[in-house]
Amino acid sequence: MKRQPSWADLYAFEVTRTEHTPLFRQIYLQLRSAILTRRLRPGTKLPSTRELASQLGVSRSAVVVAYEQLLAEGYTAGRRGSGTYVSSDLPEPIEGRRRRRKKPVAAVASNDAPMQSIADFVDVTVQSDQRPFNLGRTLVDARTAELWRKLNGRLFRSLGPIHLGYSDPRGSIELRNTICDYLRAARGARCDPEQIVVTTGTQHGIDIVIRVLPGLSREVWVEDPGYPLTRQALLAAGAKVRPIPVDRQGIDVAAGIRSAPNARAVFVTPSHQFPTGVVLSMARRLELLAWARAKGAWIVEDDYASEFRYGGRPLASLQGLDEGERVIYIGTLNKALFPGLRIGYAVVPHALLRAFVAARYLMDRQPSTLSQALVAAFMEEGHFAAHIRRIRLLYRDQRDELVAALNYRLGEDLTVDAPDQGMHLVAFTRRGLSDIAIERAGRQHGVIVRAMSRLYVAAPARSALVLGFSGYPRHTITPAVERLAQVVEAQSKAPRRRQRLARAQVRGPV
Ligand SMILES: Cc1ncc(COP(=O)(O)O)c(C=O)c1O
């Protein structure tokens, strides 16, 4: 009969005292690995703790702890009086199974996200005075901060069962009522509180829409250039994305109809197209609604940042024009207040409401009751409207400061569009300057600008810098533009920086 391999033959242990891992854990991990790969077969008797300790030159207690752990996790079984055995009822070897796989495991699809690593996701979103002109930064002034503290205190003093349990997946009726009133008054929306679903923001709203709209794997229009996170979310869900060009009137509906007449949906930013900032003209709005009605398609209106309008009358939402209930309106308070808030909302046509609420419920049940109570009080008591009025003036000043500094310092290299609305502006590069090169070099000098040409998919790309102005205190803007100017001038083909410096030396400092 063949000799059963002895424990020592079978398994060459190595434990080291210099490692950070405690001895018992080293023993446990190596035994577990041997069991999972079937080097120690089911039913094999393990040596006694004393034997193994002496073989390894370790204290018996280290082996005892390792054995107890293996026993507790079911890798081994103890038979009274006869020692410890590898369990006989373990499933197929897990590590071995992995090793036998012929093809290497394919990397998980990147979803077209521009980020290379998880750290990049954090990096692109970091907002601080030191990172002008990163997009989407907001300001909360002392008054709002104080109110927020007070309301929070009041909320926590009144904390009761209503705040602690599960609740309506659409969000609290108080918050839905106040959002509904606000949307009717400020955005001309057609809605009743039953149709409002509280989300964590635009991204959440878009994600739910993608889950509930039938037939997205057919075709969907997106704006080109457009908001990358919408496109990435659609691609991640397997939608067939059709980029439709944007011109001075917004998305080119006729081009969309030529490209994909039977698309199931279109995702648009009509009030302030991202990134170009153009407003969807009335003619195009009506064209889009007529197409959606005729084809039974859905229009997803991303109405981000519409609170911040600096000149002229506010533009009503596309949803307010829609008599056929084809528009799903997605709004956010993460821009009007602050991105860390994570509260947004959707106005959902009745035909989609049940599916929408079901998807929201299955995803994460409901919004946070405490955040909702806080925001509802802030809005109901009139602080939201007052906050917007104050902050709008600050952002307008920041916009003006940025436009003036760019024109003064970079007028030869950039053509700046001063937007009537929103939180960012677009500065087109001149004289063949590359927005991508400036974006890259700017990052190294602590100036965050977004290259607009990277936001195009199929349409001929225009080279421009997208700069957020909201949230950067006025006094920080001109010094940041100076840094940007140095970056741009270094990129510029003609050595104009030297020329300008020479001129400055003649004239003295400005
Ligand atoms: C086009 C667009 N929509 C929506 C948002 C806001 O998204 P959220 O509410 O998820 O923070 C942004 C933020 O940058 C945006 O640029």
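Please give the peptides 454-462, 119-127 ranked by average Cβ packing (other Cβ atoms within 10 Å per residue), highest first, as a rough proxy for protection. Before the final figure, lay out the partial values.
Details: 454-462: 15.7, 119-127: 12.2.
In descending order of packing, they fall as 454-462, 119-127.
For the chain, what is the mean residue ellipticity at 222 nm derived from helices alone (per DSSP H run of n ≥ 4: -39500 (n - 2.57); sum divided by total residues; nearest 500 deg cm²/dmol)? List each step's numbers first, then the result.
Numbers: 19 runs with 225 residues, N = 510.
One gets -13500 deg cm²/dmol as the mean residue ellipticity at 222 nm.
Over the Cα atoms of the chain, what Rg and Dmax result, in angstrom?
For the chain, the Cα-based Rg and Dmax read 30.5, 102 Å.
At 0.36 nm per residue, and after removing the present C-alpha to C-alpha distance, how many nm does the segment from Glu380 to Gln232 gain when stretched out fully? Mind showing how you got there, number by number?
Numbers: separation 148, 0.36 × 148 = 53.28 nm, distance 3.56 nm.
So the chain would gain 49.7 nm between Glu380 and Gln232.
If you stretched the chain out fully between Arg389 and Gln130, how much longer would it get, using 0.36 nm times the residue separation minus the C-alpha to C-alpha distance?
Values: separation 259, 0.36 × 259 = 93.24 nm, distance 2.65 nm.
The span from Arg389 to Gln130 would gain 90.6 nm if fully extended.
Any idea of the accessible area per residue across the chain, 1.4 Å probe, to the nearest Å²?
Numbers: 25360 Å² over 510 residues.
Here the per-residue accessible area is 50 Å².
In the stretch 160-381, with Lys and Arg counted as +1 and Asp and Glu as -1 at Cβ, which of these residues, Phe356, Gly215, His272, has the Cα nearest the positive end of the dipole, that is, farthest along it?
Value computed over the given set: Gly215.
Nearest 5 percent is fine: what portion of the DSSP beta bridges confined to the chain is antiparallel? Could you put the intermediate results ahead of the total?
Numbers: 27 of 43 bridges.
If we restrict to bridges inside the chain, about 65 percent are antiparallel.
What FRET efficiency would be calculated for the residue pair Thr37, Glu68, taking the C-beta separation as r and a Förster radius of 30 Å, to the nearest 0.05? It would help to have the intermediate numbers written out before the result.
On the way: r = 22 Å, r/R0 = 0.73.
That pair, Thr37 with Glu68, gives E of 0.85.
Rounded to the nearest 10 degrees, what's the angle between the helix 282-295 long axis and the longest principal axis of the chain, both from Cα atoms, 0 to 90?
It is inclined by approximately 50 degrees.
What aspartates and glutamates sit close enough to Lys45 to cross-link, taking a C-alpha to C-alpha distance under 16 Å and skipping anything fewer than 8 places away on the same chain?
Asp9, Glu68, Asp89
Looking at Pro225, Ser317, Leu288, which one has the Cα that reaches farthest to the positive end of the dipole of the chain (charges on Cβ: Lys, Arg +1; Asp, Glu -1)?
Among Pro225, Ser317, Leu288, the one farthest towards the positive end of the dipole of the chain is Pro225.
When we measure straight from the Cα of Lys295, which aspartates and glutamates land under 14 angstrom away, once same-chain ones fewer than 8 places off are left out?
Glu219, Glu287, Glu325
Nearest 10 degrees, 0 to 90: what angle lies between the long axis of helix 60-72 and the longest principal axis of the chain (Cα atoms)?
60 degrees
Work out how much length Arg354 to Leu159 would gain on full extension: take 0.36 nm times their residue separation and subtract the Cα-Cα distance, in nm to one decimal.
On the way: separation 195, 0.36 × 195 = 70.20 nm, distance 3.08 nm.
Taking Arg354 through Leu159 to full extension adds about 67.1 nm, to one decimal.
Expressed as a whole percentage, what fraction of the accessible surface of the stretch 160-381 belongs to carbon and sulfur atoms when a 1.4 Å probe is rolled over the protein heavy atoms? Present the calculation step by step, with values, prior to reporting the outcome.
Working: 4570 of 8330 Å².
Using a 1.4 Å probe with all protein chains present, the stretch 160-381 comes out at 55 percent carbon and sulfur.
Shape of the stretch 386-507 from its Cα gyration tensor (a ≥ b ≥ c, root eigenvalues): rounded if a/c is under 1.5, otherwise prolate when a/b > b/c, or oblate?
Values: a/c = 2.12, a/b = 1.25, b/c = 1.70.
In terms of gyration-tensor shape, oblate.
In vacuum, with every alpha carbon of the stretch 160-381 counted as one equal point scatterer, what does the Debye formula give for log10 I(q)/I(0) at q = 0.09, 0.14, 0.16 Å⁻¹? Two decimals, please.
Treating every Cα as an identical point scatterer, log10 I(q)/I(0) equals -0.33, -0.82, -1.07.
Round to the nearest 0.05 the FRET efficiency obtained for Tyr361 and Ala77 when R0 = 25 Å and r is the Cβ-Cβ distance.
Values: r = 43 Å, r/R0 = 1.73.
In this case the efficiency is close to 0.05.
The values are calculated or read from the model by the stated rules, or taken from the named source; none is laboratory data. Since we're looking at a predicted model, the values are computed, not measured. Methodologically, a virtual Cβ is constructed for each residue, glycine included, from the backbone with ideal geometry; neighbour enumeration extends over all protein chains shown. What goes into the accessible areas is simple: the full protein's heavy atoms, side chains included, and nothing from ligands, DNA or RNA. Shrake-Rupley method; radii C 1.70, N 1.55, O 1.52, S 1.80 Å.
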